[in-house]
1. Going through the range 225-250 one residue at a time, which ones are open to solvent by 30 Å² or more (accessible area, probe 1.4 Å), in a loop (DSSP other than H, G, I, E, B) and touching a residue at least 60 places away in the same chain (Cβ under 8 Å)?
2. How many residues are open to solvent by less than 20 Å² (accessible area, probe 1.4 Å) and part of a strand (DSSP E or B) if we restrict to the range 338-363?
3. For the range 9-22, which positions are under 20 Å from the mean Cα position of the chain (by Cα) and open to solvent by less than 60 Å² (accessible area, probe 1.4 Å)?
4. Any residue at all in the range 259-271 that is acidic (D, E), open to solvent by 10 Å² or more (accessible area, probe 1.4 Å) and at pLDDT 95 or above?
5. In this structure, does R206 turn out to be assigned to a helix (DSSP H, G or I) and basic (K, R)?
6. Just need a number here: residues in the range 165-183 that are modelled with pLDDT under 95 and hydrophobic (A, V, I, L, M, F, W, C).
7. Take the residues in the range 87-104 that are part of a loop (DSSP other than H, G, I, E, B) and open to solvent by less than 50 Å² (accessible area, probe 1.4 Å); name whichever of them is nearest to D23 (Cα to Cα).
Amino acid sequence: MAPAAKLPIVYVRGYAGNTAGIDKAVTDPFYGFNEGSTHIRIGADDEPSFYQFESPLLRLHLDEGYHILVDGGQELYLATHETIPPDSIWIHRFYDTSASTWGAGPHEFRLETAAQDLLTLIETLKEKSGAPGVHLVAHSMGGLVCRCLIQKIIPDLGHDPADYVGKLFTYGTPHGGIAFDVGFGVLERLRDVTGINGADIFGPERMYHYLTPKALTDPDGPPQSWDARAMPPDRPFAFPLGRVFCLIGTDPTDYEVAHGLSSATVGPRSDGLVQIDNAYVPGAHQAHVHRSHSGSYGLVNSEEGYQNLRRFLFGDCEVDAELVDFHLPERNNTTWQAEVRLSVRGLQIVTHERVSAQWCPIQLSESPTGTDDGETCVPLVDTFLNSGLRTGGSGTMRYALHLRILSLHRHDGLLSFNDHLEQTADFDDILVVDVGGGDDPAAKPVLRATWNSTIKGPISDYRPDGGSSTLGDENPADGVWVHHIELPATAAPILGADARIRLTVTPWD
C-alpha cells in the first residue's frame, strides 16, 4: 500500500489561562510540542520505570524526516523564503499578540481571531510548499480553534475546509466543553457568566457561536438538542469525519494543576480536566490511553499519543475490529461490559485501552447497534497500520487485541457482591493478528490470526503457518477486505455460538 503524502504539519496548543500563563507559554519556541518525558508508569506494581520519549516534534523530524524551519523566527523564515518543503512543522503562535512580555500592549485573546490567523498561516504554507493543504495537530483548546476554522471561518467564506486541511488530530480536546462532577452545574454557570480568563469558551453558549456558520446561527442561542461535540456531516462544506482523530486521556490522578483540585472537580472519568465523554467528536476515529491532560504524564509528551498520531497521519491501511452477532444471556439485573487493549509488536506501550479500572469499558448491554439484517455490532478498536514500520525483518506487522468480558450483578438497584470476583473476567483471551503483504501498493493484505489460548508457548515464539491460519476475503468489492473470526468455544455460553470478531481492512492515505 502506498504511504500517505507528506503535508505541512501545524501544531495548535491549548489554553494558557490568564496573562501570566500566556507570558509563560510564549517563551517556549515550540509552544510545548517539543516537550518529551523521561519515565512512564508501567507494570502491575505501578512503579515508575525509566523510559525516554524525545517529544513528538523531534520524533517527527527523526522518524518521518520533517523539517523544523525557524532561523530567527518562523514568520521571518516564511517571509524570506519563496519555497518551503511540504514535510515541515509549524507552530501556530496565536498567543504571542496576547502576551505582555514583548513590551507592547497585549491584545485580548479571542478564539475566533486565533482561528482566522490559523487560516492565514495555512494559506501561506500552501502557497510556499505547493501542498494541497496541511495536517492540524492540536492539544486541548487548540482543537476548538481548529474546529472553529473548519466549521465556521472557512465555510463563512464559501470555501471547503477540505481544500485547506488534510487531517485533524486532537489530544484531549474538550469537544463537548468542560463540565464538573461537583456543584450541580453552578460552577459551569458561574464560569460562563463571568468569563473569567476567557474560560467561557468551554461553555455551550460561546461554543455554539464559534462552531456554527453565520448562515446557520440561531440568534436565540443553541437549540436544546445541540451537541457541541458534533461536526454535522449534512452541512454545506462539512469536513469528513473520517479525517478526524481524537485521542482521549483516562488518567486524572497524574494531572497536577491546582494541586489536584481540577481533577477532583472534573471527576475520575476524565484526564484531569476533560471528561471522557466530552473528549471526542462522534463518528470520528478515537483511541483511549491512560494519560493525563498534560504534565509529566500528559497526552502530548507520550509515546502512546505519538504512535497514534504517526499511524493516523502516515499509515497506509485502516483496520476496524468489531464484535458482531452476539447474544448476551438473559439474566435479570446483569450488566455486561467488554474491556479491550491493543498492543503493537515492537512498542513498549499500549496504543488503545478501554478498561473498567480506567472508567471507560465498553457497555455491551447498552451499546449494540443493529443492522438491516438484525445483526448486533459493537466497535472494539479502530486503528491504522503502516507497512513501513514492520519490526525485526519479520515481514509482518503483529497486533494483539486483548478482549475481556465481565458481568456486574445488581440486586434492588445496587451492585450485588455475593458471587462477585473483583476484576475477574467471564471471558479473557487475546487475538493475535499478523498483517503481511508484498511491496505492491494495490495488493490485498495477507492476514493471519489466532487466539492466544491455542498458542503453545510464548506469543513471541509463535510463527503462523501459511495455510490454515490465513484469513480469506469475504467481501468481493475492491478496496475493502473483510473476515469474520470465530471466538473460542469458551465464549459461546456468554456471547452465543454465532458471535464473531469482524476485521475490516481498507486502504488509508
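The values are calculated or read from the model by the stated rules, or taken from the named source; none is laboratory data. For clarity, every value in this text was computed on a predicted model and none was experimentally measured. Quick reminder, even Gly has a Cβ in these numbers, built from the backbone with ideal geometry, and neighbours come from all protein chains shown. Just so you know, the surface numbers come from the protein's heavy atoms only, side chains and all, with ligands and any DNA or RNA stripped out. Shrake-Rupley method; radii C 1.70, N 1.55, O 1.52, S 1.80 Å.
1. Scanning the range 225-250 gives R235, P236, F237, P240.
2. Number of matching residues: 8.
3. Matches in the range 9-22: I9, V10, Y11, V12, R13, G14.
4. no
5. So R206 fits the description; yes.
6. Total satisfying the criteria: 1.
7. Across the range 87-104, the extreme among qualifying residues is A99.
Results for (1) assigned to a helix (DSSP H, G or I); (2) over 19 Å from R310 (Cα atoms), shown as yes or no for each residue.
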| position | (1), (2) |
| --- | --- |
| Y11 | no, no |
| G14 | no, yes |
| A20 | yes, yes |
| D23 | yes, yes |
| G32 | no, no |
| F50 | no, yes |
| H61 | yes, no |
| E82 | no, yes |
